[in-house]
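Worksheet: the structure to be examined is printed underneath.
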């Protein structure tokens, strides 16, 4: 029955009945007919993180923790889009004040990615509908032009020299930089690397990165030996599915490890700080070298790019590089033989 067809007398009688029961119309509006109890942010953040891939969880947990810290006791269906935008701005400002080379825009974008994932989980669990999703119209800020570029051989050598001779853990720092330089992996891929991901016969490591992508990336005999030695000394009894790269206290590396690594390096190599060099610059460096020497298809395969629409070029569907071609490029890059290389 449509509301407009109900007589005023009927509505008055209903209100009188509710009053005798101690129930208001607001109580009825707020009541959930399914008996569902809406979780708080503190309760649901751990649930959502379990649904993320290891590489995504490594990044998103930082921002979802900020969410839980900001609104620990609030039901997850309560904040408005405006409140979420304001919180993203606050996170951007905090990042810019602390370490942001680009005004904290990256931190704000990562926060929005994380909270979008959070509410996708909530919708999948039927806690909120698509219409109730407060981030459905929240947009990420426009990113300024990137200044990343390939490092020159002398620049790369200067960074490696600084890392290997300074800091609290030069052995770990040098290993991490070599891993990024050889494999062109993203930060999340290194953080998510596990002992189980090492294939010692074929000399490959399994990288799990953003978008749930998984690829087997060739590595040099030297890097494989270094990774095995690292496991032996830092976590000999660790679960094969646990993080591989660990600090001297055996705690796994995380995003904060990278921040401190580049902060230390920037103190001894000033241009590193001035340019805002990070591990992603190593990815640029390696992929630029591979593209110049082995072509676009091999560089795309080396990067782990797959054709999605036109983003990586539809031609890659037909000319995608083989792992043997990627191993050949690696052998030329490192000057070491590889069992999968074509030459």
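The values are calculated or read from the model by the stated rules, or taken from the named source; none is laboratory data. None of these values were measured; they are calculated from a predicted model. Positions of Cβ are generated from backbone atoms using ideal geometry, with glycine treated the same way; all protein chains shown enter the neighbour counts.
So the values come out like this:
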item: Residue that is surrounded by the fewest Cβ atoms within 10 Å (Cβ to Cβ) [pool: residues in the stretch 179-197 that are more than 12 Å from the chain's Cα centre (by Cα) and either in a loop (DSSP other than H, G, I, E, B) or outside the structural domain of residue 288 (by TED's automatic domain parsing) (or both)]; result: 194
item: Candidate set from the stretch 143-155 (those that are assigned to a loop (DSSP other than H, G, I, E, B) and modelled with pLDDT of 80 or more); member that is nearest to the chain's Cα centre (by Cα); result: 148
item: Conditions (1) modelled with pLDDT under 95; (2) in a loop (DSSP other than H, G, I, E, B); (3) under 24 Å from residue 197 (Cβ atoms): number failed by residue 277; result: (3)
item: Unmet requirement for residue 136, which otherwise passes all of (1) assigned by TED's automatic domain parsing to the domain that holds residue 45; (2) over 30 Å from residue 264 (Cβ atoms); result: (1)
item: Residue check, residue 207 in a strand (DSSP E or B), surrounded by 21 or more Cβ atoms within 10 Å (Cβ to Cβ), touching a residue at least 40 places away in the same chain (Cβ under 8 Å) and touching a helix residue (DSSP H, G or I) at 6+ places or on another chain (Cβ under 9 Å); result: yes
item: Pair list, Cβ < 6 Å and 6+ apart or interchain, from the stretch 57-68 residues that are assigned by TED's automatic domain parsing to the domain that holds residue 112 and at positive phi to residues that are at pLDDT below 90 and in a helix (DSSP H, G or I); result: none
item: Count - residues of the stretch 228-242 that are closer than 20 Å to residue 204 by Cβ and out of contact with any helix residue (DSSP H, G or I) (no Cβ under 7 Å at 6 or more places or on another chain); result: 4
